[in-house]
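Below is one structure; the comments refer to it alone.
The values are calculated or read from the model by the stated rules, or taken from the named source; none is laboratory data. All values derive from a computational prediction rather than experimental measurement. Here the Cβ is made from the backbone with ideal geometry for all residues, glycine too, and neighbour counts use every protein chain on show. Areas reflect the complete protein model, heavy atoms only, side chains present, ligands, DNA and RNA absent. Shrake-Rupley method; radii C 1.70, N 1.55, O 1.52, S 1.80 Å.
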Amino acid sequence: MTDQPEGQRFSQVYMRRADLLPDSARMRNRIAKIIGALGDHDDLRSFGQFIEREQGILVGQTVYSYQWPPILQKMELRDVLDTITTIYSAISSYDQGREAQKRKTFLDNCRRVFAEEQVRYRIDDRGGVHLAVDEEFEAARISTISGLGAPRYNGVRSLYDDAFIALDRTPPDGKAALRSAFFATESLFRLIFPSAHQLSSSEIQKHLEPLVSRLYANQKPAINLAQKLVASLKDWIDGAHFYRHEPGAEEPAQPPLELAIYMVSEAGGHLRWLAKLDAMASN
């Protein structure tokens with residue numbers, strides 16, 4: 001995250017499918033209310049002019065605070081996030097002398113909204129909006145969710161998204177994230193293999209290994225790579241089991257956050273491959 005430029009608008013740094021980025025109507029309304037409380041009618045008009053000039057969109061009348069919620073609701077998500085940066089810059093231009101405290105209050109309020117509404121963004125000290133963990137982590141999430149777009153995978157997709165919601169909590173709940181990632185993988189595995197009792201190394205050996213051998217037969221070295229991926233999945237399952245709560249057993253401690261993030265990221269790769277195997281097996 002240290003290499004990310006500060007103070008730039010979100011759309012200048014990140015290019016992502018807007019429909020897969022974290023969004024919230026409540027978040028939009030609350031940010032709009034924060035903006036509407038920043039100044040008088042002239043100030044609010046000035047904010048609207050800044051947005052039109054800097055972001056290239058038309059927002060219409062912005063004189064009254066009640067006009068801001070519908071404005072932000074109609075915006076593309078990128079423009080909502082860019083608006084935070086634009087308003088931050090606008091404060092410094094119109095409110096000389098008090099701008100430092102007003103900017104800080106504005107950013108503190110927006111950060112609180114992001115945390116409470118559990119959207120995966122952070123705001124740097126110059127008003128720039130960024131993805132909360134890092135761009136690569138969010139890209140992996142989007143790639144996985146995109147690959148699970150079929151209605152058949154609705155439950156799997158929801159469980160995997162729960163893992164990211166857990167990481168958005170304050171403090172992050174790595175244990176819940178890891179468990180949700182495991183349940184998502186188990187759900188997809190049992191969709192592919194309805195007779196499987198659970199997601200375990202023995203069930204992988206019983207069901208997945210024969211399928212992989214069949215699908216990649218006579219494809220060397222692809223079959224060798226696929227077998228290594230199966231072994232990697234088995235190791236991932238065994239690692240995740242350390243954080244599963246068995247009845248009568250002591251609740252495990254939170255995993256270090258970096259390990260939870262790694263496990264959730266690995267789950268994304270496993271889910272994408274399993275979904276592909278599911279499609280290949282159906283053809």
The chain: relative contact order in percent, alpha carbon pairs under 8 Å with at least 6 residues between = 17
If the cut-off is a Cα-Cα distance under 23 Å, which lysines reach K234, setting aside same-chain residues fewer than 8 apart in sequence?
-> K175, K206, K220, K276
With +1 on each Lys and Arg Cβ and -1 on each Asp and Glu Cβ, how big is the dipole of the chain about its Cα centre, in debye rounded to the nearest 20?
-> 640
Gain upon complete extension [E250, D42; 0.36 nm per residue less C-alpha separation] = 68.8 nm
Carbon and sulfur atoms: what percent of the 1.4 Å accessible area of the chain do they account for?
-> 50
Angle between the chain longest axis and helix 174-192 axis [Cα atoms, degrees, rounded to 10] = 50
Rolling a 1.4 angstrom probe over the protein heavy atoms, how many square angstrom per residue are accessible across the chain?
-> 50
Take the alpha-carbon centre of the stretch 46-65, take the same for the stretch 194-257, and report the distance between them in whole Å.
-> 53
Average silhouette area of the stretch 220-283, convex hull of alpha-carbon atoms, in square nanometres | 5.9
Rounded to the nearest 10 degrees, what's the angle between the helix 41-55 long axis and the longest principal axis of the chain, both from Cα atoms, 0 to 90?
-> 50
How long is the gain from K104 to D124 if the chain were fully straight, where each residue apart is worth 0.36 nm and the alpha carbon distance is subtracted?
-> 6.1 nm
Mind checking the full-extension length gain between E209 and S195? Use 0.36 nm per residue of separation minus the Cα-Cα distance, one decimal, nm.
-> 3.6 nm
Which option, (i) 18.2; (ii) 16.0; (iii) 21.8, is the value of mean projected area of the Cα convex hull in nm² that was calculated from these coordinates?
-> (i)
Selected from L81, A279, I145, residue furthest toward positive end of dipole (the chain; charges at beta carbon) | A279
Relative contact order of the stretch 36-114, defined on C-alpha pairs under 8 angstrom at six or more residues apart (%) = 26
What whole-number value in cubic angstrom gives the convex hull volume per residue for the C-alpha atoms of the stretch 176-283?
-> 97
